[in-house]
Amino acid sequence: VIWMPIAQTTAPRLIIGTIRNGNPPTFDPLPPLTLAKATGAPGDQGGLWEVSAALCGLTDNVVYHYWFEVDDSRSTTQPKGRISVTDPFACSVDWRLYPPDAIEFTQPASIIKYLGNGKLAESDPNGEAAVFAHADTPAALPPNNALVIYELPTAWAMSRSLNEPEQDAATFLDVAALVDESIPPMNFAGAGLGGIPRYLASLGVNAIELLPPADSFFKREWGYDTSHYLAPDYELGYPEGNLAPTANRDLAALVDALHQKGIRFFADVVMAFAHEDPYNRADAADFHIDDPA
């Protein structure tokens, strides 16, 4: 399903297929599928478009990468040009793969798993999913009037030699390693984190505010300029040495580890600094204010 408030000269299409791992990975597409107006959607000025998963020719328990082909709202031609965009409601994205017709590399693949019988599920690229190993007990966590909040950047600065600072992106599992000594640090394994048991808990904090964990176009930044609001950040879920990102699985592991230590989790959400999100091209006028400068 894609929500398109702006009228379309041609119905949106679903571009879907599977990824073939390699250097670089490649895309094996299925035949494109045309979406239809959803039942009960508004009239000719936009609305919901859909295609039944059961009619897409998908294989049970397979992970798919996909985009929506829509009118390019920034196109100056008549009729408007077409562009393939990431699903605005994707819960997982893969920046290793772009649409086959991509000119600007700003629209990573959306990811979904087909369970069969017309059912879809959130998934990381290789089928990993967010799993909470322990039952959650919200009443056991500190109340709002008794919080000591630690605001934690998702990009850390390191200095390897004199006057040569190096910026590096931590991962969700690196943050989890600061809370639970049973979780090994990933990107910062050589930074001495393994020898610091429960570092954050030892400070006396009982809440972590992670600077925006949603996916961002910018690499090695603090998470502002969000691109995909419902997907955890690709880089923060892609530790060095991993074959593919596991952002949903790793973010769930971090939240689970925090809750087991009696620490609440706050997600910083930035709604006013979108950058290269799908609606920037699919429906710019309704979703963006351009800076005239």
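The values are calculated or read from the model by the stated rules, or taken from the named source; none is laboratory data. Values in this document were obtained by computation on a predicted structure and should not be read as measured data. All Cβ positions, glycine included, derive from the backbone under ideal geometry; neighbour counts span all protein chains shown. The protein model used for the area step is the full one, side chains on, heavy atoms only, and it has no ligands, DNA or RNA in it. Shrake-Rupley method; radii C 1.70, N 1.55, O 1.52, S 1.80 Å.
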Which numbered condition Val269 misses (of (1) assigned to a loop (DSSP other than H, G, I, E, B); (2) of a type in the set (A, V, I, L, M); (3) surrounded by 15 or more Cβ atoms within 10 Å (Cβ to Cβ)): (3)
When the residues of the stretch 37-47 are filtered to those that are in contact with a strand residue (DSSP E or B) (Cβ under 8 Å, 6 or more places away or on another chain) and farther than 16 Å from Asp71 by Cβ, which remaining residue is modelled with the lowest pLDDT? Ala41
So Glu276 ticks every box in (1) modelled with pLDDT under 90; (2) open to solvent by 80 Å² or more (accessible area, probe 1.4 Å); (3) of a type in the set (D, E, K, R) but one. Which box is left unticked? (2)
Within the stretch 279-293, of all residues that are open to solvent by less than 20 Å² (accessible area, probe 1.4 Å) and outside any loop (DSSP other than H, G, I, E, B), the one farthest from Tyr234 (Cα to Cα) is Ala284
Within the stretch 241-278, residues more than 15 Å from the chain's Cα centre (by Cα) and not aliphatic (A, V, I, L, M) come out as Gly241, Asn242, Asp256, His259, Gln260, Lys261, Gly262, Arg264, Phe265, Phe266, Phe273
The condition from (1) under 15 Å from Val1 (Cα atoms); (2) in contact (Cβ under 8 Å) with a residue 12 or more places away in the chain that Arg74 misses is numbered (1)
Only one of Trp3, Trp49 is open to solvent by less than 80 Å² (accessible area, probe 1.4 Å) and touching a residue at least 12 places away in the same chain (Cβ under 8 Å); which? Trp49
Can you tell me which residues in the stretch 95-124 are free of Cβ contacts under 8 Å to residues at least 40 places away in the same chain, open to solvent by 40 Å² or more (accessible area, probe 1.4 Å) and farther than 26 Å from Ile289 by Cβ? Tyr98, Asp101
What about Arg281, is it among the basic types (Lys, Arg), touching a strand residue (DSSP E or B) at 6+ places or on another chain (Cβ under 6 Å) and either under 15 Å from Ala176 (Cα atoms) or touching a residue at least 12 places away in the same chain (Cβ under 8 Å) (or both)? yes
Residue check, Ser216 farther than 15 Å from Ala177 by Cα and at pLDDT 90 or above: no
Residue ID - least open to solvent (accessible area, probe 1.4 Å), chosen from residues in the stretch 6-26 that are assigned to a loop (DSSP other than H, G, I, E, B) and over 28 Å from Arg74 (Cα atoms): Pro25
Number of the exception - Ser92 against (1) polar (S, T, N, Q); (2) closer than 20 Å to Val1 by Cα; (3) surrounded by fewer than 22 Cβ atoms within 10 Å (Cβ to Cβ): (3)
